[in-house]
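Worksheet: one structure, shown below.
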Amino acid sequence: MHEFDDFIEECDRAPRLNELSEFFSTTASGQAGMPIRPPQLERRFFPLDLTSKRFSALHPLRQGPFDKHYLSSIPYRFEEECRMGSAILRYARARKGKLNLYTLGTAEGTMARLIGELGKGRVETLSCSPNIENLRSFYAYGVPPHAMFFHGPFHHLTSEKIREDGELRKFGGGFDIIVEDTTFQMYSPNRFDQIRFVSQHLKANGLFIFVEKFKHEDDEEYRRRERQKDHGFKARFFSAPDIRAKEETVLTQMDRNEVSLPEMSETLRRFFEHSFVTWNSGNFYTLVSSNSPENLDLFLSKLHPAAIPAEYVYDDLPYRLYPESEARRLSGRSWTL
């Protein structure tokens, strides 16, 4: 693990654990950042299959304070989380044996908790957060079945920690799916080492899902999409002063650690032969990467169409992020790139 010592120190100095720590603590406890009204799914966009119905019905009953803030901040993120969670459940049923899922830095870990609960033993899940408030929210409804929570930042969940911890040891064989949800951008723009570190835990044929906000080569286009988000969506849930205050205290820090979609593409092709863009909402995108075309195709087949109005979507989805022939195939999980 000494190869990651500098990276771990870099993460320990990051805004997420320092300048932004108070924001995340007060929001996770519900002392600040709460929407005027709770987020609501727009049913006119949502699929009617039983898995989606069950997932979306249970999600509001398991949410914590940070969920309410987060799902009210990004246009149609609630619908997308339910779409993704339902797809993971359908994917798990189509695969043989149990799957392991790791969602890193996902606040209360509600999506992973629901997947464990509704999967009825088909999926074992692990979530993490450095905030004790998120840990408390995770257990607020009792000890969830097939779901665990690691209290600490993602870079403290090392391979040694998993091997030495009796409860975490069941994940020692790696994860079939890893979900990074707007976490890396709270630390640094160092996507290469972030992905390299977390991919230690990914099985060779696993899926790595990224939900990130990306910079745009045209700054005015980036700002236009931000205005659309703030005035067309967030204004339903937050006052104008609250929106401005978050921009000043949080988004300025986050902007410095964002990368562009082309930059992310260049990094991902060093790790994964296949990457697809599966969702877009303004400056936010979901990417799914894997070195297993069979597993990636299977997962994509379980995704329903995105539940979001067309005016927030700026790409025809899904699409391949980079040509398969240009991606560098990994050899024996070696990170000598």
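The values are calculated or read from the model by the stated rules, or taken from the named source; none is laboratory data. The structure displayed is predicted, hence computed values, not measured ones. Glycine gets a Cβ as well: all are built from the backbone with ideal geometry, and neighbour counts include every protein chain shown. These area figures cover heavy atoms from the full protein model, side chains too; ligands, DNA and RNA do not enter into them. Shrake-Rupley method; radii C 1.70, N 1.55, O 1.52, S 1.80 Å.
The table below lists the values:
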{"item": "Alpha-carbon centroid distance for the pair segment 19-76 / segment 106-182, whole angstrom", "result": "19"}
{"item": "Net charge dipole size for segment 4-320 [Lys, Arg +1 and Asp, Glu -1 on Cβ; Debye, nearest 20]", "result": "1500"}
{"item": "Over 19 Å between alpha carbons, listed pairs LYS53/LYS213; LYS68/LYS229; LYS170/LYS302; LYS96/LYS302; LYS68/LYS215; LYS215/LYS302", "result": "LYS53/LYS213; LYS170/LYS302; LYS68/LYS215; LYS215/LYS302"}
{"item": "Contour minus Cα-Cα distance for ALA235 and LYS170 (0.36 nm per residue)", "result": "19.0 nm"}
{"item": "At R0 = 22 Å, FRET efficiency that the Cβ-Cβ distance of ALA57 and SER301 yields, to 0.05", "result": "0.35"}
{"item": "With DNA, RNA and ligands ignored, accessible area of VAL143 (1.4 Å probe; Å², nearest 10)", "result": "130"}
{"item": "Paramagnetic reach from ALA94 in segment 288-314 [backbone N under 13 Å; point 7 Å along Cα→Cβ]", "result": "293-305"}
{"item": "Residues in segment 53-95 that a label on ILE132 would reach, taking backbone N under 20 Å of a point 7 Å out along Cα→Cβ", "result": "64-67"}
{"item": "Heavy-atom SASA rank of THR267, THR125 (probe 1.4 Å, accessible area, largest first)", "result": "THR267, THR125"}
{"item": "For ALA147, residues with placed amide H under 5 Å, excluding near neighbours", "result": "THR125"}
{"item": "Spherically averaged projected area in nm², based on the convex hull that wraps the Cα atoms of segment 1-127", "result": "9.9"}
{"item": "GLU133 - accessible surface, heavy atoms, 1.4 Å probe, Å² rounded to 10", "result": "30"}
{"item": "For segment 278-329, alpha-carbon Rg relative to the globular expectation (2.2 N^0.38 Å, N residues)", "result": "1.25"}
{"item": "Accessible surface, the chain, averaged per residue in Å² (probe 1.4 Å)", "result": "42"}
{"item": "The chain - percent of accessible surface contributed by carbon and sulfur, probe 1.4 Å", "result": "50"}
{"item": "Simple spin-label estimate for SER25 and LYS120 in nanometres, 7 Å along Cα-Cβ", "result": "4.3"}
